[in-house]
Each structure stands twice: as C-alpha cells, then as structure tokens.
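Below is one structure, written out as structure tokens; comments come after it.
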Amino acid sequence: MDAEKARRVLSEERDRLREMGSWSREHAPSADVQQEGSLGQHPGDYGSEVEEAMERQGLADESDRQIADIDAALARLDDGTWGRCRVCGADIDDERLEARPQVDTCREHAEVA
C-alpha cells in the first residue's frame, strides 16, 4: 500500500469512527441512579438502561482508542516512518498494511503491540 492510499483510507476510517463515537455519546440513555425502584419503573428496566449506557460508553471509548491509533499512523506518514516496524525497523509487509494500515509492527513483533 502506498502512502497516499494509506492516508486516504486512514482519514476515511477516522471520520467514520468519529461519527460513530459522537452518535454513541449523543444517543446514550441517561440511566439516573435516582430512578431505581421509582414508581412505574421495573428494576429490570433500570438494569437494561444501565447496561445500554455502559455499552454505548464502551463503543465511544473504543472509537476513541482506534482514532488515537489512526492519528499515530498519520503522524508516522508525516514523519516518514509509516510502514516500518517500530521494534526492528523492518518493512511491514503490504498484506498486513492493506488489512490494517494503522499497524506499527511487523508480523514477527505483532505480539509486542
């Protein structure tokens, strides 16, 4: 994968993840602890609201983590180190970069990451 294609793919994925994270935050149910056991609300409903809020927050957090990985890859593109293993300095094979252009290790050092 060449650097221009990588930058385009990474930027598109970053935009998608930002949108997904924003949507998750905007549509997260507000599970108010004060409501537990209040008149008209079944405790199971409250538990479902809490679970959904936690899932949405987890999705937003994972989106943020992936965006940070993409930002790091874009920085490597800018400084000329993208496509090289951060552990041994060897070129990362094209198949690996095609699958995940944000990786910063070769296959041999994938477990280090």
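Within region 75-89, how many residues are in contact (Cβ under 8 Å) with a residue 12 or more places away in the chain and open to solvent by 40 Å² or more (accessible area, probe 1.4 Å)?
Taking region 75-89 as the starting set, the residues that turn out to be in contact (Cβ under 8 Å) with a residue 12 or more places away in the chain are 76-77, 82-83, 85-88.
Applying the additional criterion that residues be open to solvent by 40 Å² or more (accessible area, probe 1.4 Å) yields 86-88.
Result for region 75-89: 3.
Being in contact with a Gly (Cβ under 7 Å, 6 or more places away or on another chain) and open to solvent by less than 40 Å² (accessible area, probe 1.4 Å) is the filter here; which residues of region 90-113 pass it?
Passing the criteria: Ile92, Leu97.
State yes or no: is Val9 more than 13 Å from the chain's Cα centre (by Cα), assigned to a helix (DSSP H, G or I) and at pLDDT 75 or above?
Details: more than 13 Å from the chain's Cα centre (by Cα): yes; assigned to a helix (DSSP H, G or I): yes; at pLDDT 75 or above: yes.
For Val9, the condition - more than 13 Å from the chain's Cα centre (by Cα), assigned to a helix (DSSP H, G or I) and at pLDDT 75 or above - is met.
Spot the failing condition for Pro29; the list is (1) farther than 30 Å from Asp2 by Cβ; (2) at pLDDT 75 or above, and only one is missed.
(2)
The values are calculated or read from the model by the stated rules, or taken from the named source; none is laboratory data. Here the structure is a predicted model, which means the values were calculated and not measured. Ideal geometry is used to build each Cβ from the backbone, glycine not excepted, and the neighbour counts take in all protein chains shown. When the accessible area is computed, the model is the full protein with side chains, heavy atoms only, and any ligands, DNA or RNA have been set aside. Shrake-Rupley method; radii C 1.70, N 1.55, O 1.52, S 1.80 Å.
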